[in-house]
Amino acid sequence: MADKLISLFPEMDFSDIDDIGNIEGIPSEQKWTYVIDFEKRCLVLDDDGRPKKTKGYKEYLIQTAMRILNTERFQYIIFDEDIGVEKSEWSGWEDIEVKRDAEEALEAHTEIEKAEVLHMERIGNKMRMSIRIIGVSATVEMEVKWSNEAG
């Protein structure tokens, strides 16, 4: 009796599902993402223990910007070369180069029309930036802090 081969991967029919993951047609004001606590490096959970979603476009923009600024460019093959910053190199760069890297990385995102580092400060192995982001549907100002990694 021959053994029947069983696939490790289930066969699934997605024909009844419309446009999986297509966010291009969603108006900017309706976009959301999951909220991450970047200091603790974990998802924020709601009262029911489920991952919390952003509420409103401004929070979406801030979370998107934080993801970009906390992702090391070229480190993850899942992202193309436009995603992230070269944070591991910043300690040897001039401030103007660090600002340019951050602004260019943010502006590569389709929802961000303009990003401007308003203020940047380095103290020892810590760095702080104040950034204005002009999105498709709103403008936000945010402060970002790093330690150790950003030199």
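Structure summary
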quantity	calculated
Shape box of region 29-147 [Cα atoms, principal axes, largest first, Å]	44, 29, 29
Local net charge near Glu143, Cβ-Cβ under 12 Å (Lys/Arg +1, Asp/Glu -1)	+1
Sum of side-chain charges, Thr33 neighbourhood, beta-carbon under 13 Å (Lys, Arg +1; Asp, Glu -1)	+4
Residue-count net charge about Asp47 - beta-carbon cut-off 15 Å; Lys, Arg +1, Asp, Glu -1	+2
Those GluC sites (Glu not before Pro) in region 62-151 that DSSP places in a loop and that have at most 11 other beta carbons within 10 Å	Glu81, Glu94
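All of the numbers you see were taken from the coordinates with simple rules; none came from a lab. These figures come from a predicted structure and were not determined experimentally. FYI the Cβ positions are ideal-geometry reconstructions off the backbone, even for glycines, and counts take in every protein chain you see.
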